[in-house]
Amino acid sequence: MQEGRERNSSAEGDLRTLCSTLHLDAPVVRRFVGDYLRLLQFRLDRIERDLAGGDIPAVVVGLLSLGTSSSMLGATGVVEAADDLRLHASSGDLSAIDAGRASLVAQVRCAEARLTRILNSPESEGVGAVVRP
């Protein structure tokens, strides 16, 4: 039971941090997180398809897009893994691409778990309220 409360507290703290960083209210941040999570598997699948097809420009654009939205949500592991894979894909190093792909998927799953906790955390009164002058 204590672990569940700590997880909720951590998720609410993460939500507060995102609200503060993005200068948005909690409902808007939750919607952004929800949209990110809904699109996440599609983005990964598209990057995989483009890699398999050898469409490096499309891979680069997909990784840049994933990295940008991930950075806005504090998913720095995803950002770093996407940047690494982008560099490996551009160089054509197949073994590095495979390692980079595995790293990206692992980082995405970690971010997905964290963001899902934020999305599912109980609504707290005043969490992430933007104070306007």
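Readers should treat all values here as calculations from the given coordinates under stated rules, not as data from a laboratory. What you see is a predicted model; the values in this text were computed from it and never measured. When we count neighbours, we look across all protein chains shown, and the Cβ atoms used for this are built from the backbone with ideal geometry, even at glycine.
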Could you please find all residues in the range 67-81 being without any contact (Cβ under 8 Å) to a residue 24 or more places away in the chain and among the hydrophobic types (A, V, I, L, M, F, W, C)?
79
Answer from 85, 119, 51 - the residue that is part of a helix (DSSP H, G or I) and closer than 29 Å to residue 26 by Cβ
119
All but one of (1) within 16 Å of the chain's Cα centre (by Cα); (2) farther than 16 Å from residue 70 by Cα; (3) surrounded by fewer than 16 Cβ atoms within 10 Å (Cβ to Cβ) hold for residue 11; which doesn't?
(3)
Would you pick out the residues in the range 20-48 that are assigned to a helix (DSSP H, G or I), over 22 Å from residue 91 (Cβ atoms) and of a type in the set (A, V, I, L, M)?
22, 26, 28, 29, 33, 37, 39, 40
Give the range 98-124 a look and list any residue that's of a type in the set (Val, Ile, Thr) and surrounded by fewer than 18 Cβ atoms within 10 Å (Cβ to Cβ), or say none.
105, 116
I'd like to know if the range 86-99 contains one or more residues that are in contact (Cβ under 8 Å) with a residue 40 or more places away in the chain and touching a helix residue (DSSP H, G or I) at 6+ places or on another chain (Cβ under 7 Å).
yes
